[in-house]
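Accompanying notes for the structure given below.
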Amino acid sequence: MGREEEPYKTIDELLNDISELKSSLKRVTTEKRASEKSLLSAQARIIELEEQLQKTQAIIGARERKSKKVLNELKVAL
């Protein structure tokens, strides 16, 4: 009986808390969507760069083969 009771919030305070939570949820959801879009964009860019790397490696490989062929032809000619 010597225990103090916790004060209860008023309806207006509860409504305000609910409103704040809804706003917070909306903000977090928006941030999550933005993060997901950013992640997808980054993944797409990685794929583009990997494709570009493969093409570059193929070009370099072709040039190396051609250089070796020309060098061998020069050795034979000399």
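In the set (1) surrounded by 10 or more Cβ atoms within 10 Å (Cβ to Cβ); (2) modelled with pLDDT under 95, the condition left unmet by Glu64 is number (2).
Yes/no matrix, rows are residues, columns are (1) out of contact with any helix residue (DSSP H, G or I) (no Cβ under 9 Å at 6 or more places or on another chain); (2) among the small types (Gly, Ala, Ser); (3) in a helix (DSSP H, G or I); (4) exposed (fewer than 10 other Cβ atoms within 10 Å of the Cβ):
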| position | (1), (2), (3), (4) |
| --- | --- |
| Glu6 | yes, no, no, yes |
| Ile18 | yes, no, yes, no |
| Lys22 | yes, no, yes, no |
| Thr29 | yes, no, yes, no |
| Lys32 | yes, no, yes, no |
| Ala44 | yes, yes, yes, no |
| Ile60 | yes, no, yes, no |
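The values are calculated or read from the model by the stated rules, or taken from the named source; none is laboratory data. Computed from a predicted structure; not experimentally measured. Counting neighbours? That spans all protein chains shown, and the Cβs are built from the backbone with ideal geometry, glycine included.
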